[in-house]
Structures are given as structure tokens and as C-alpha cells.
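Peer 1: Here's a structure for you.
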């Protein structure tokens, strides 16, 4: 199976290609939120280097959020386009889970945090499910805390578990507080603070693909309202928080 993994949730986008779980290549590109062309060119290069065409892609694993609002829409639209044109299966995954998965191979409870700007982070906590010690089972995780958007201190105050590992861009500014609140917790290296599309392309064949009706309904996981929606909420006396997009 030829699998393409797409991440446009961060300021630097990435795509990776794998065949039967074996990594074939990765391309990175700047500002995916404003350049659909950059994404298309990156995929085109990956396929050409592997002597493949878009119709050879049997499965597209796409990061659906949270992250850059515009970037998420572009990545998801691209994945749906491949599905419509060539019948590729779609496997969605949230960015926080993807950050946590590599660490869950060696840690039981992982907190993933992404800088959401405006003093907030997107954050979630995951545990490795029983019997999922191997890489190909890594997608089978238990959600301890579902993705949310909060100030780091507020998020930590609400936790009823103590993660033993932290990962993601949101941990950088909060590192001292994390170390004080969770002594002994480890931090992912800087290289692990972005979603790993090569890892995703490798595990995607073992993940369940969406049925057609679910593909049509699939939307980005924003977690909090966009800027336009936030303005609308304020007009009605409610504040939906900030916007990262």
C-alpha cells in the first residue's frame, strides 16, 4: 500500500510517502496556510522521486487539527481531492495525538501541547492502551484529556493525572512550570515538537479509514472558534477565545 501523510497544521508543512510502511521520502515547505501550490509541489516531487503518480496513492493520512485554521482547511481539501480523483482512503488524525504517539512507545502517559498564541495552548493527554506496545499498534491510544484550548496554568490546574512526558511547541514557554509541577517528567527533543509525517505514513496502513459518508462530513478540528466566529460570538455576548490561523 502506498500511503501519503499530510500535515499543514503548523507554520512549516510536511508530507511523507511510504510503501507498505517503509519510508520513501519527506518534503517540508513553508507557510502551508497560504500556499496550496507549495503543498501540491511537495507531493508532486515526492511521487516523482518514487516513480509514482497520484493514482498510486491508496491512502492519505491527514492531520485535521488543531492548528492553523487556514492550513488545516488546505490540507483537508487536498486529501479530499485525492480521494475524489483516485479513490484514496482517508485516515484523519489530530495533531496532538500524532505528537504524542512516538513518545507513547516508551512512556505510559503523554501530554501534547501546541502553541495556540494569545497566551494559550492546544493541549491533550493520552495513555498507551493495553496491548499496544508495538509501533504498528501505536494509533490505539486512550484519550485521558480531549483536545482543548487553555492557558497552560489553567490546563495544569485541571489535570487529574500526572503525565510522565511532554511534547510540542506549547511546552517550550511552559517548560519551567512543567518541571516544577511534574518533577521527573521528560521533554521531547526539539525535533519531536512538530508532528512527524514519516511516522504517520508508517502507521497509517494499520489505522481505520473513513467510509464515504464520513469523508463527506469530515471537517478540521478547530477546538476554538475562528476569528470571524469569535467576533460573531462577542456580538451575541459570548467570547469564544482566540484564533490561530
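All of the numbers you see were taken from the coordinates with simple rules; none came from a lab. Everything numeric in this text was worked out from a predicted model, so none of it was measured. Please note: Cβ atoms are built from the backbone with ideal geometry, for glycine as well, and neighbour counts cover all protein chains shown.
Peer 1: Relative to the longest principal axis of the C-alpha atoms of the chain, give the angle of the C-alpha long axis of helix 95-104, reported between 0 and 90° and rounded to the nearest 10°.
Peer 2: It works out to around 80 degrees.
Peer 1: Could you state the angle between the C-alpha long axis of helix 69-86 and the longest principal axis of the C-alpha atoms of the chain, as a value from 0 to 90 degrees rounded to the nearest 10?
Peer 2: Helix 69-86 and the main axis of the chain meet at about 30 degrees.
Peer 1: A further question on this structure: For the range 98-192, what does the relative contact order come out to in percent, with C-alpha contacts under 8 Å and a separation of six or more?
Peer 2: 31
Peer 1: When the chain is treated as a GNM, springs tying every alpha-carbon pair under 10 Å, which of 198, 140, 213 comes out with the largest mean-square fluctuation?
Peer 2: Comparing 198, 140, 213 in a Gaussian network model of the chain, the most mobile one is 213.
Peer 1: With a cut-off of 8 Å between alpha carbons and a minimum separation of six or more residues, what is the relative contact order of the chain in percent?
Peer 2: Result for the chain is 22 percent.
Peer 1: DSSP beta bridges in the range 98-192, what fraction antiparallel, as a percent rounded to 5?
Peer 2: 75
Peer 1: Given 25 °C and 0.890 mPa s, compute D for the chain with the Stokes-Einstein relation, Rh being the Kirkwood radius over Cα pairs; round to the nearest whole µm²/s.
Peer 2: Answer, rounded: 134 µm²/s.
Peer 1: Also, quick follow-up: Return the calculated 222 nm mean residue ellipticity for the chain, to the nearest 500 deg cm²/dmol, obtained by summing -39500 (n - 2.57) across DSSP H runs with n ≥ 4 and dividing by the residue count. Before the final figure, lay out the partial values.
Peer 2: On the way: 9 runs with 82 residues, N = 245.
Taken over the chain, the calculation gives -9500 deg cm²/dmol.
Peer 1: When you count, for each residue, the other Cβ atoms within 10 Å and take the mean per peptide, how do 63-69, 53-59 rank with the highest first?
Peer 2: With the highest mean Cβ count within 10 Å placed first, the list reads 63-69, 53-59.
Peer 1: Now for a separate question. Can you tell me how the range 98-192 classifies by the Cα gyration tensor, rounded, prolate or oblate, using a/c under 1.5 as the rounded cut?
Peer 2: Prolate.
Peer 1: As a test, work out the antiparallel percent of DSSP beta bridges whose residues both lie in the chain, rounded to the nearest 5.
Peer 2: If we restrict to bridges inside the chain, about 65 percent are antiparallel.
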